[in-house]
Structure formats: C-alpha cells, structure tokens
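Student: If you scroll down you'll find the structure; I have some questions about it.
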Amino acid sequence: MIRSLLLCGGSGSRFGGGKLVAKRGDRPIGWLAARSLLAGTGDALAIVRAGDDALAAVLREAGCEVLSSEACAKGLGASLAAGVAATRTAGGWLVALGDMPLVSPATHAAVKAAMEAGAPLAAAVDRTSGRRGHPVAFSRELGDELAVLDGDAGARSVVERHGSRLVRVPVDDHGIFLDIDTPEDLEWIPP
C-alpha cells in the first residue's frame, strides 16, 4: 500500500508562524491541503512538530492520522524521515506539503497511480512546461534513503540520485507550484 505523508512540521517563519492554521475563508491552510490529499489518495499521515496541538487537531478534524515528532525541528528532511520510519511497511510513499493547499485531488491520484503501476519515483509535472512540482512519490526500494534524511533539504538528493528513473506525471494543475509562505500568498486561495 502506498502511504500518503503530509509534511506539516515547518515553523512558518516567513509567514510569522502558524501558517497552517491560518484561514482563508472558513478553513485553515493545513485542513485544505489535507482534504485534497485525502480525496486523491484515500489516506494521509500528517507529520507535525511536537507540541503543535492546534495544528494536530485541525488535521485530525480533516481526517488525517497525525504523527507528532521532535524531528520536525530539524527540518523538512527529518520530518519526512520520521514519517517513513512510522510507516516502514508501506509499499511506497506519496509526499505532499501542508503549505500547498491548491494541489488538486486528481493530481494526487495520478501520482499515486504511477506508483501503483510500478514507478520507482514519480512526480507531478506541468503538462505544458514539463517543470516538476509536488507531490513526489517514492517506492519502497528508496525507503532506506528516505529514512536517513536529516535537516531541511527534504528529498531533493534522493530525487537527484534517481532522476533517470523518475516517472513524470503530466498534469494541468498550477497548484503543484503554489506554496503559502507569506500572508499575502493567502490571496491565491479562493475564499
């Protein structure tokens, strides 16, 4: 089974903190990202900073399982490693970011389908430009490399090492590039 991991452990420093509980309309950013992931893949384990009870509650209300981890303080790579370690028996991992609420459920589903069809590594790419975005998915064979990630680099090094094996999933979804970093970015999200 491919497990969906929603990385929500960042501090949101450029936003001024708490960006995933910030609302656009009546829903928090993290909730929107979680619902899209769940609609596209059917499951989601959200990884949050230890002690971030408000965000954990939002994500549980959206339907996620939640892993609270001290590793999140080290950065994105460490958060991903914690999620992989907690789901080590999975057949692979689809990795989504909590600050990217505009990725469509169809995009999540398409990347997951590529993994289920046997891709060792898959990512959403813009159909017109070919530019890679999120989500990115990794097969079980890459689990050992994901499990030792640390710091804030994320899985970029894993993608680069195995780039020749990347299955590019073409989508018409500008949300694969839009992350919420500042309060002004909230304007991208329809109210």
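The values are calculated or read from the model by the stated rules, or taken from the named source; none is laboratory data. The structure presented is a predicted model; accordingly, all values stated were derived computationally and were not measured. Because the Cβ atoms are built from the backbone with ideal geometry, glycine has one as well, and the counts that use them run over all protein chains shown. Note: accessible area is taken over every heavy atom of the protein model, side chains too, but ligands, DNA and RNA are not part of it. Shrake-Rupley method; radii C 1.70, N 1.55, O 1.52, S 1.80 Å.
Student: Per-residue HN-Hα couplings for the stretch 3-11, Karplus 6.51 cos²θ - 1.76 cosθ + 1.60 at θ = phi - 60°, whole Hz, x for Gly and Pro?
Tutor: Each residue's phi maps through the Karplus curve to give 9, 9, 10, 10, 7, 10, x, x, 7 Hz.
Student: OK, next. With θ set to phi - 60°, apply the Karplus curve 6.51 cos²θ - 1.76 cosθ + 1.60 along the stretch 97-107 and write out the HN-Hα couplings as whole Hz, x wherever there is a Gly or Pro.
Tutor: Values, residue by residue: 10, x, 9, 10, x, 9, 5, 6, x, 5, 5 Hz.
Student: Amide H to amide H under 5 Å from residue 67: which residues, 5+ apart in sequence or cross-chain, H placed 1.01 Å off N in plane?
Tutor: 46, 47, 48
Student: Turning to a different aspect of this structure: Which lysines, on any chain, are close to residue 74 with Cα under 20 Å apart, when same-chain ones fewer than 8 places away are left out?
Tutor: Counting by Cα, and skipping residues close in sequence, residue 74 has these lysines nearby: 19.
Student: Also, I was wondering about something else. Place the peptides 83-91, 2-10, 101-109 in order of packing, highest mean first, counting for every residue the other Cβ atoms within 10 Å and averaging per peptide.
Tutor: So the peptides 83-91, 2-10, 101-109, ranked by packing, come out 2-10, 101-109, 83-91.
Student: Still on this model: For P(r) over Cα pairs in 10 Å bins from 0, in percent, pick the label among (1) 7, 23, 21, 14, 12, 9, 6, 4, 2, 1, 0; (2) 9, 33, 33, 21, 4, 0; (3) 10, 40, 39, 10, 0 that corresponds to the value derived from the coordinates.
Tutor: Structure-derived value, by its label: (3).
Student: For the stretch 1-88, what does the accessible surface come to per residue with a 1.4 Å probe? Please give it in Å².
Tutor: That works out to 41 Å² for each residue.
Student: Continuing with this model, one more query. Label the stretch 1-88 by shape, choosing from rounded, prolate and oblate, from the square roots a ≥ b ≥ c of the eigenvalues of the Cα gyration tensor; if a/c is under 1.5 it is rounded, and otherwise prolate applies when a/b is larger than b/c, oblate when it is not.
Tutor: The shape class here is oblate.
Student: Still on this model: For residue 100, tell me the accessible area in Å² from a 1.4 Å probe, rounded to the nearest 10.
Tutor: Taking all protein chains as shown, residue 100 has close to 10 Å².
Student: Once you have a ≥ b ≥ c as the square roots of the Cα gyration tensor eigenvalues for the stretch 96-176, tell me rounded if a/c is under 1.5, and otherwise prolate or oblate according to whether a/b is larger than b/c.
Tutor: Prolate, because a/c is 1.5 or more and a/b exceeds b/c.
Student: Under unit Cβ charges (Lys, Arg +1; Asp, Glu -1), what dipole magnitude, rounded to 20 debye, does the chain have relative to its Cα centre?
Tutor: 320
Student: For residue 91, enumerate residues with amide H under 5 Å from its amide H, sequence gap 5+ or separate chain, H modeled in the peptide plane.
Tutor: The list, which skips near neighbours in sequence, is 2, 3.
Student: For the chain, what is the percent of antiparallel DSSP beta bridges, rounded to the nearest 5?
Tutor: In the chain, approximately 30 percent of DSSP beta bridges are antiparallel ones.
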